[in-house]
Amino acid sequence: MRLGVLDVGSNTVHLLVVDAHPGGHPTPMHSEKSLLRLAEHLEAGRLTAAGVRGLVRAVTRAKAAATLAGCQELLAFATSALRDADNSAAVLSHVRAETGVGLQVLSGEDEARYTFLAVRRWYGWSAGRLLVLDIGGGSLELAAGRDEDPEVALSLPLGAGRLTRQRLTGDPPARGDLKSLAEDLEVALAPVARQIRQAGPYELAVGTSKTFRSLARLAGAAPSTAGLRARRTLTDAGLRQVFGFISRMASPDLASLEGVSPGRAHQLVAGALVAGAAMRALDVSELQICPWALREGVILRRLDSLGVPAASERSWPLTDRGPRRVMDIAQ
């Protein structure tokens, strides 16, 4: 079957179309993004009218593209930007009325769990116990465990875009601001690291998201042209070297670097700070970079649910919180 996944994030509205069936590998058929920067349209805790109009336009375009691509189902969800908005319910209702698409807001814990599922499927059981880090625009997700449902799944408001807006207002950021943020990240991550370590040691540490991919590329990892299955890593030493030069560059210069998206260049330094702080807190010297993340996790869980009796479906911990809220067929 052909599935579309619509991911409304803090920076982009991303449609991914795949051909997939239960037990099979989802094959990407089409992908397109709209740079919306929805989180920048939050004022006094509410999404502005301009932000709502932009969201409606982006969802309308994505729905049309999904229909043109022949999608049988559209799984539409939103993450931290709408999760943070006090008027989220009204915005979701308006978007459904205008577009026919019912966006569902994922909790941060659900984000961590779906991403973990995708990483587990990518690396398989032989990878052993996994530690997964995902830096988004609005939040940082962490998960760890041996099975497909992680034993620990956490979300912190430490996204690269959020921290850039709140703490790193210079371009390039002031040295004092960088030092202050690094110290605060260390404090914020210490109790989280203790909680993850208490659950048991990891055998493979993995990073997902555009932030980690960009940092790994700048540190010498294979370019995107090498394909999804090229082995890519980010070491603590490589990250320190990358941070040493990007922290002194203005965002237009960062945008010219290979592997850096122009729309995200302004938040790369904050992302590098979060990545470094998380790796230090968790004693990670090297991360594998996984090409699958949240969107693939949503797809995989939907495929798992096809043809599964309701009683069996309810036995999986995510089901009650996740797929029934995530899945929506565009009208």
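The values are calculated or read from the model by the stated rules, or taken from the named source; none is laboratory data. All of these numbers come straight from a predicted model, not from anything done at the bench. Note that each Cβ is placed from the backbone with ideal geometry, even for glycine, and that neighbours are counted across all protein chains shown. For accessibility, only protein heavy atoms count, side chains too; no ligands or nucleic acids. Shrake-Rupley method; radii C 1.70, N 1.55, O 1.52, S 1.80 Å.
When the helices in the chain are scored as -39500 (n - 2.57) per DSSP H run of 4 or longer and the sum is shared across all residues, what 222 nm value do you end up with, to the nearest 500 deg cm²/dmol?
The helix contribution divided over the chain gives -13500 deg cm²/dmol.
Using a 1.4 Å probe, what is the accessible area per residue for the range 5-94, in Å²?
Using a 1.4 Å probe on heavy atoms only, each residue of the range 5-94 averages 43 Å².
Kindly provide log₁₀ I(q)/I(0) values, in the same order as q = 0.07, 0.08, 0.09, 0.16 Å⁻¹, from the Debye equation applied to equal alpha-carbon scatterers of the chain.
Rounded to two decimals, the profile gives -0.26, -0.35, -0.44, -1.50.
Calculate the spin-label point distance for T27 paired with R194, positioning each point 7 Å from the Cα along the beta-carbon direction, and give it in nanometres.
Distance between label points: 5.1 nm.
Given Cβ point charges of +1 (Lys, Arg) and -1 (Asp, Glu) and nothing else, what value in debye, to the nearest 20, does the dipole of the chain about its Cα centre take?
Approximately 440 debye in magnitude.
In the range 59-154, what percent of the accessible surface is made up of carbon and sulfur (1.4 Å probe, ligands and nucleic acids excluded)?
On the way: 1520 of 3130 Å².
Carbon with sulfur: 49 percent of the solvent-accessible area.
Taking the Cα centroid of the range 259-308 and of the range 57-82, what is the distance between the two, rounded to the nearest whole Å?
First find each Cα centre; the distance between them is then 21 Å.
Rolling a 1.4 angstrom probe over the protein chains, ignoring ligands and nucleic acids, what is the accessible area of K63 in square angstrom, nearest 10?
Approximately 40 Å² for this residue.
Figure the gain on full extension for F245 and N87 (residue separation times 0.36 nm, minus the Cα-Cα span) and round it to one decimal in nm. Each step should come with its number before you reach the end.
On the way: separation 158, 0.36 × 158 = 56.88 nm, distance 3.99 nm.
That works out to 52.9 nm of additional length.
Please work out the average accessible area per residue across the range 103-242, using the 1.4 Å probe convention, and give it in Å².
Working: 5890 Å² over 140 residues.
Result: 42 Å² per residue.
Would you mind telling me the share, in percent, of accessible area of the range 166-219 contributed by carbon and sulfur at probe 1.4 angstrom?
That fraction is 50 percent.
What distance in nm separates the two pseudo spin-label positions at W125 and E186, each 7 Å out from Cα along the beta-carbon direction?
4.2 nm
On a straight-distance basis, which lysines could pair with K33 in a cross-link, Cα separation under 26 angstrom, same-chain partners fewer than 8 positions away excluded?
Leaving aside lysines fewer than 8 places away in the same chain, those within reach of K33 are K63, K210.
Rounded to the nearest 0.05, what FRET efficiency do L35 and A230 have when you use their Cβ-Cβ distance and R0 = 25 Å?
Details: r = 26 Å, r/R0 = 1.05.
Efficiency, from the Cβ-Cβ distance: 0.45.
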